[in-house]
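Take this structure first; my questions come after.
Taken together, the values in this text are just the output of simple stated rules run on the coordinates, not laboratory data. Computed from a prediction, not measured in an experiment: that's the story for all the values here. All Cβ positions, glycine included, derive from the backbone under ideal geometry; neighbour counts span all protein chains shown.
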Amino acid sequence: MGATVMAPVAGAFEVVVPNTDIRVNVPGLENIQGIENVPNIEQFVPSVQESVDTYVANVATPGPAAAPAAPAAAPSTGQAIVDAVRSKVGAPYAWGATGPNAFDCSGLTTWAYQQVGKSIPRTSQAQANQGQQVPLDQLQPGDIIAYYGGASHVGIYAGNGMIIDALNSGSPVGERPLHFQPIHSAVRF
């Protein structure tokens, strides 16, 4: 793709961009005081050919500018929940604890959701009953997984088939396989 530029010679100097086919007539350039003293000016402003009354140049027309790179996306709310709960891996289990230094299972999920400004029920059963049910094949990071027949345990789905939970008094907060216990349900808030 190109454009043809036509410019009259009279009262103009031809400016050539080195190593290109771009030539442009610049009227009045000859009137710049001291132009002849600029080093290597002869390669940029060659003498005007007396017998030619116009110069023709094929100038490549640039295409549309590339769109600037998109800024990195902020983590999703679900991923922010996972990031919060992951920061507590290794914290001790304590029945009834809601953090920030020790947790029981639903205390951990409640605390993690609070870190992103969401309020959810405090107990595992209430979380399982009040969240929006999610099929296991549609899990997203941040979803709550309830375990056992009565939803007596919960953890947060971390992605890649893993959860993070506060299991029991013998185990600190940790990351475990999704199917390490019988799943009751999965919910999203």
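Nearest 0.05, what FRET efficiency do residue 169 and residue 130 give at R0 = 41 Å with Cβ-Cβ as r?
Once the sixth-power term is evaluated, E becomes 0.95.
Near residue 179, within a Cβ-to-Cβ distance under 14 Å, what is the net charge of the other residues, with Lys and Arg +1 and Asp and Glu -1?
Around residue 179, the surrounding residues sum to -2.
Using a 10 Å cut-off on Cβ atoms, rank the peptides 128-137, 100-109 from the highest mean neighbour count down.
So the order, starting with the most tightly packed, is 100-109, 128-137.
Which of rounded, prolate or oblate describes the range 123-189 when judged by the alpha-carbon gyration tensor and an a/c cut-off of 1.5?
oblate
Then there's this: Which of rounded, prolate or oblate describes the range 77-188 when judged by the alpha-carbon gyration tensor and an a/c cut-off of 1.5?
Judged from the Cα gyration tensor, the range 77-188 comes out rounded (a/c under 1.5).
Here's something else I'd like to know. Filter the chymotrypsin sites (Phe, Trp or Tyr not before Pro) in the range 115-178 to those in DSSP coil with at most 15 other Cβ atoms within 10 Å of their Cβ, and list the result.
For chymotrypsin sites (Phe, Trp or Tyr not before Pro) across the range 115-178 that sit outside H, G, I, E and B with at most 15 neighbouring Cβ atoms in 10 Å, the list reads 148.
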